[in-house]
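This report concerns only the one structure given below.
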Amino acid sequence: AEYDQEVTATGIVEDATNLAAGTTTTTTSQQEQLPLTEEELYPYTFETKVASGTATATQTNTTPDYLQLGTDAFHRGDISEAIEAFETLLQTIDPDHAKAWFLLGKCHAENDMDRNAIACLERAVERDPYYAEAQLALGVSYVNELN
């Protein structure tokens, strides 16, 4: 690999000292080279706006099973209803629900909305790195986005 800066023993010691002290010195060129996070590359904006107080932070017996409602709608071919159910779950009950992010991504992929699919599938994989089905769907969406 090629580097813009010459590596010296003094520079290595300074970097190690700064790291140990919890301080870092970065130049403007170093800051500009930092890669964007997946959320910055593929931001996701919820289509469904849920009124505050619609559901509590945890699912109760009276709270609808949005995951099941969304899955049923997806299997019926009602993608917009499925998106609404998964987004409601993610906004009101559990924003870290990997399966809901995965299924929401599949809905967007089904609608050929590959950027939204990638955003959702990235979040599914972030929350569960061993979710093989989400990883596969993410790869397919990246390939589709290239075409």
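The values are calculated or read from the model by the stated rules, or taken from the named source; none is laboratory data. Remember, it's a predicted structure, so these values are computed and weren't measured experimentally. As a convention, Cβ positions derive from the backbone with ideal geometry for all residues, glycine included, and neighbour counts pool all protein chains shown. Side chains included, ligands, DNA and RNA excluded: accessible areas come from the protein's heavy atoms. Shrake-Rupley method; radii C 1.70, N 1.55, O 1.52, S 1.80 Å.
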Checklist entry - Pick from GLY105, GLY70: which is over 14 Å from TYR44 (Cβ atoms) and open to solvent by less than 60 Å² (accessible area, probe 1.4 Å)? => result GLY70
Checklist entry - Name the pairs: first residue in the stretch 88-99 and more than 14 Å from GLU47 (Cβ to Cβ), second residue open to solvent by less than 20 Å² (accessible area, probe 1.4 Å) and of a type in the set (Gly, Ala, Ser), Cβ to Cβ under 8 Å, at least 6 apart or on different chains? => result ASP94/ALA100; ALA98/ALA124; ALA98/ALA134; LYS99/ALA124
Item to check | Close pairs from the stretch 42-71: first under 29 Å from ASP114 (Cα atoms) and assigned to a loop (DSSP other than H, G, I, E, B), partner open to solvent by 70 Å² or more (accessible area, probe 1.4 Å) and modelled with pLDDT under 70, Cβ under 9 Å, at least 6 apart | outcome: ASP65/GLN59
Checklist entry - Would you call ALA51 more than 27 Å from TYR131 (Cβ to Cβ) and either modelled with pLDDT under 95 or open to solvent by less than 50 Å² (accessible area, probe 1.4 Å) (or both)? => result yes
Next on the checklist: Exactly one condition in (1) without any contact (Cβ under 8 Å) to a residue 40 or more places away in the chain; (2) part of a helix (DSSP H, G or I); (3) open to solvent by 60 Å² or more (accessible area, probe 1.4 Å) is false for ARG115; which is it?
Outcome noted: (1)
